[in-house]
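The values are calculated or read from the model by the stated rules, or taken from the named source; none is laboratory data. Everything numeric in this text was worked out from a predicted model, so none of it was measured. Every residue, glycine among them, receives a Cβ derived from its backbone with ideal geometry; neighbour counts consider all protein chains shown. Keep in mind that these areas ignore ligands, DNA and RNA; they rest on the heavy atoms of the full protein, side chains included. Shrake-Rupley method; radii C 1.70, N 1.55, O 1.52, S 1.80 Å.
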Amino acid sequence: TWTPLAGGRPFLTSKVGGGLMRDPCLCQGPDGRFHLTWTTGWWDRGIGIAHSADLVRWSEPAHLPVMEHDPDARNAWAPEIVWDRKGGRFLIFWASTIPGRFPETDAGGDAGDGGVRLNHRMYFTTTTDFRAYTPSTLFYDGGFNVIDATLVDDGRRWRMIVKDETREPVAKKHLRVVEGDGPTGPWK
């Protein structure tokens with residue numbers, strides 16, 4: 001049995017980016033503060049981010065333009081945020097399609113806006129203070145269209161679970177697991 005809090009009203013709403021609030025990911029930092037990321041629009045090149053000490057009162061949602069530097073990027077989907085305890089930083093990663101960047105798999109994805117096939121790879125940025133961010137960089141290219149990555153630190157190795165989003169010539173649409181020595185790989 002679930003009891004809605006605050007009469008079922010939302011604690012956080014957002015109008016940043018395309019105004020969408022989808023694929024939320026919540027992370028608690030070492031200081032106890034919570035950090036939330038989300039997809040802000042189907043064809044937005046940024047993501048949403050907000051912070052809270054108690055999951056009730058939230059900072060004003062901000063738009064983090066993670067792929068604005070690449071005018072060919074189509075989107076920034078399903079961002080995740082994790083604390084890298086050894087690196088003392090937060091790692092934020094998401095899926096983006098950049099047409100022509102990975103031509104060997106361009107024809108394998110779902111149709112996107114304007115008929116361009118989606119061919120995602122994972123990208124990332126890091127921050128220690130949520131004011132300065134490292135430049136967005138390729139995070140994972142397993143040679144296939146990939147979305148919905150998540151990271152797990154087991155104390156010895158990092159494991160990343162990704163969804164193979166290949167549709168053509170044979171639909172894959174299944175999960176894969178890769179591992180690395182740190183939260184940015186290299187992935188095996």
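The selection criterion, being under 12 Å from the mean Cα position of the chain (by Cα) and either modelled with pLDDT of 95 or more or on the phi > 0 side of the Ramachandran plot (or both), does not hold for VAL178. Residue count for segment 68-90 under the criterion of being touching a His at 6+ places or on another chain (Cβ under 7 Å) and without any contact (Cβ under 8 Å) to a residue 24 or more places away in the chain: the result is 0. Inspection of segment 78-93 finds no residue satisfying the criterion of being at pLDDT below 95 and in a strand (DSSP E or B). Scan segment 140-160 residue by residue and report those that are part of a strand (DSSP E or B) and either among the acidic types (Asp, Glu) or touching a residue at least 12 places away in the same chain (Cβ under 8 Å) (or both). Selection gives TYR140, VAL146, ILE147, ASP148, ALA149, THR150, LEU151, ASP153, TRP158, ARG159, MET160. Looking across segment 37-49, the residues that are open to solvent by 10 Å² or more (accessible area, probe 1.4 Å) and in contact (Cβ under 8 Å) with a residue 40 or more places away in the chain come down to TRP42, TRP43, ARG45.
Among the conditions (1) touching a Lys or Arg at 6+ places or on another chain (Cβ under 7 Å); (2) farther than 24 Å from GLY182 by Cβ; (3) touching a residue at least 40 places away in the same chain (Cβ under 8 Å), the only one that PRO61 does not satisfy is (1). Restricting segment 46-67 to residues that are in contact with a His (Cβ under 9 Å, 6 or more places away or on another chain) and part of a loop (DSSP other than H, G, I, E, B), the residue that is farthest from ALA132 (Cα to Cα) is SER59. I'm trying to understand the selection: among the residues of segment 102-129, which are in a loop (DSSP other than H, G, I, E, B) and either in contact with a Leu (Cβ under 9 Å, 6 or more places away or on another chain) or open to solvent by less than 10 Å² (accessible area, probe 1.4 Å) (or both)? Once the filter is applied, which keeps residues that are in a loop (DSSP other than H, G, I, E, B) and either in contact with a Leu (Cβ under 9 Å, 6 or more places away or on another chain) or open to solvent by less than 10 Å² (accessible area, probe 1.4 Å) (or both), segment 102-129 yields GLY109, ASP110, GLY112, ASN119.
Pairs meeting the criteria (first residue in segment 161-176 and without any contact (Cβ under 8 Å) to a residue 12 or more places away in the chain, second residue surrounded by 11 or more Cβ atoms within 10 Å (Cβ to Cβ), beta carbons under 8 Å, at least 6 apart or on different chains) are LYS173/LYS163; LYS173/ASP164; LYS173/GLU165; LYS173/THR166; LYS173/ARG167; HIS174/LYS163; HIS174/ASP164. Just wondering, is there one or more residues in segment 59-75 that are of a type in the set (Asp, Glu), within 23 Å of GLY29 (Cβ to Cβ), modelled with pLDDT of 95 or more and surrounded by fewer than 21 Cβ atoms within 10 Å (Cβ to Cβ)? Yes, segment 59-75 contains a residue that is of a type in the set (Asp, Glu), within 23 Å of GLY29 (Cβ to Cβ), modelled with pLDDT of 95 or more and surrounded by fewer than 21 Cβ atoms within 10 Å (Cβ to Cβ).
Any idea which residue in segment 136-183 is farthest from THR39 (Cα to Cα), counting only those that are open to solvent by less than 50 Å² (accessible area, probe 1.4 Å) and among the hydroxyl-bearing types (Ser, Thr, Tyr)? Ranking the candidates gives THR166 first.
Note on segment 1-33: residues that are aliphatic (A, V, I, L, M), over 17 Å from the mean Cα position of the chain (by Cα) and part of a loop (DSSP other than H, G, I, E, B) amount to 1.
Of the residues making up segment 143-164, those that are farther than 22 Å from ASP23 by Cα and small (Gly, Ala, Ser) are GLY143, GLY155.
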